[in-house]
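Reading through the structure tokens given below for one structure.
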Amino acid sequence: MATAKEIRNRIGSVQNTKKITRTMELVSTAKAKKAVDKVVASRPYADKIKELIGSLAAQGDVADHPLLRRHAHVRKALVVVVTANRGLCGGYNTNILRTAVHRIEELKRQNVAVTVHLIGKKAITFFNFQKLPYAASFTNIDDKMAFEDAQVFAEKYMESFALEEVDAIEIIYTKYFSAATQKPTVETLLPVALPSVTDGVSVKPFIFEPNPEGILASLLPKAITMAVYQSLLDAVAGEQIARRIAMKSATDAASDMIKSLTLQYNRVRQAKITQEIAEIVGGAAAIQ
């Protein structure tokens, strides 16, 4: 059985750990709030672009645009996997990596040549450990990410798709639905899926200047860049929320452990005091 001193030292260690996890919980809470605000603020713009693209597509022939080109059979696909640079966020990274491996294997079973790009140190570490091949890796995406960072990715991917280096580009990330729900999601970036016109709603005969095809050509790169930006924003928000939950669970567990150790310490101390009293009484009795 542990001595009172050993239990006291362990209580001190757990208390120090609790301070760290509590601080990390507070930091993640603040970062999650900022990330969620960015996600919510970006969605109206992205939704409006999709709505405009759908309206423009209904006005003219846009099937020949390079970013809309669809193949009957996808032969080459680029899969972008987005994870965090750090751990201590529960099952956030594990869930993404499990989804990514499943999707890559599914594409390979369909005889698709898969090229993998990794965003985040955790994805890089996992693929290196599992000896899985990947073509490129990036670690510059975190809570300080700017729109320009997403634009760099989007431009590279649009160029690859337009030059027919790949037939499809997918991104796997954690999508933010609400503060309580974030799920790993596989989303197709390219070719762009044109929104369908709602049944029963007549399209008003707008006059476009320039023509619908020209406006659509200028909007598509913005829509793709926004899709990449939103995916990365969602991933950052999901990471911070997962870390906040994980650190809160760790803090609560530390509190429970401190209570248990304190109770154990009091029992050991009480037993020692009882033993000392018994020794004193026994010694006094022996003298008499």
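What the table below lists for this structure:
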read-out: Among TYR92, THR181, PHE138 the positive-end extreme of the charge dipole of the range 66-200 (Cβ point charges); value: TYR92
read-out: Student exercise, the chain dipole from Lys, Arg, Asp, Glu Cβ charges, in Debye to nearest 20; value: 1600
read-out: Positive dipole terminus of the chain, leading residue within ASN211, VAL192, VAL82 (C-beta point charges); value: VAL82
read-out: Förster-model FRET efficiency, 51 Å R0, ASN128 and ARG267, C-beta, rounded to 0.05; value: 0.55
read-out: Dipole moment magnitude, nearest 20 debye, the range 64-134 about Cα centre, only Lys, Arg, Asp, Glu C-beta charged; value: 100
read-out: Neighbour net charge for ILE49 - beta-carbon separation under 12 angstrom, K R +1, D E -1; value: +2
read-out: Pairwise label distance in nanometres, TYR45 with THR94, each label 7 Å out on the Cα-Cβ vector; value: 3.7
read-out: For the range 238-288, projected area of the alpha-carbon convex hull averaged over all directions, nm²; value: 3.2
read-out: Long-range Cα-Cα pairs in the range 1-137 (distance over 18 Å), rounded percent; value: 75
read-out: Amide N proximity, the range 118-147 versus LYS76 label position 7 Å along Cα-to-Cβ, cut-off under 17 Å; value: 134-136
read-out: The chain - share of DSSP beta bridges that are antiparallel (%, nearest 5); value: 40
read-out: Spatially proximal lysines relative to LYS259 (Cα-Cα < 30 Å; intrachain offsets below 8 disregarded); value: LYS5, LYS18, LYS19, LYS248, LYS272
read-out: Sum of side-chain charges, SER231 neighbourhood, beta-carbon under 10 Å (Lys, Arg +1; Asp, Glu -1); value: -1
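Where a number appears in this text, it was derived from the coordinates with a stated rule and is not lab data. The model shown is predicted, which means the values in this text are computed figures rather than measured ones. Reconstructed Cβ throughout: ideal geometry from the backbone, glycine too, with neighbour counts over all protein chains shown.
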